[in-house]
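Take a look at the structure set out below.
The values are calculated or read from the model by the stated rules, or taken from the named source; none is laboratory data. Remember, it's a predicted structure, so these values are computed and weren't measured experimentally. Using ideal geometry, Cβ is built from the backbone for each residue, glycine included, and neighbour counts are taken over all protein chains shown. For the accessible areas, the whole protein counts, side chains as well, though only heavy atoms, and no ligand, DNA or RNA atoms are used. Shrake-Rupley method; radii C 1.70, N 1.55, O 1.52, S 1.80 Å.
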Amino acid sequence: CHGATGKGDGLVGAIYKGVPVYSSDALKNMNDGHIFHVITFGLNRMWAHGSQISPADRWKIVQYVHQLQAQ
């Protein structure tokens, strides 16, 4: 959805218009807990992934999102 660089231009993002760009001003200051919560329970168009992704892997995704935010 978010694309390889977090710009919201992934294959699914083309179908679900308005996928957030991680480096946008509105999202680049998201804290770890918020990102983890959204991955777990979903938010707006993002579906919940808590039942599919282990907590340890969700924390790894949180760190990856921060890497994309810095780009």
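Quick look at the numbers
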read-out	value
Out of ASP57, ASP9, ASP25, sole residue that is free of Cβ contacts under 8 Å to residues at least 12 places away in the same chain, at negative phi and not in a loop (DSSP other than H, G, I, E, B)	ASP57
Boolean, ALA14 is loosely packed, with under 13 Cβ neighbours inside 10 Å and at pLDDT 95 or above	no
Residues (surrounded by fewer than 17 Cβ atoms within 10 Å (Cβ to Cβ) and within 13 Å of the chain's Cα centre (by Cα)) located in the range 2-11	ALA4, THR5, ASP9, GLY10
Of all residues making up the range 28-54, the number that are touching a residue at least 40 places away in the same chain (Cβ under 8 Å) and in a helix (DSSP H, G or I)	0
Any hit, the range 27-39, residues being open to solvent by 60 Å² or more (accessible area, probe 1.4 Å) and aliphatic (A, V, I, L, M)	no
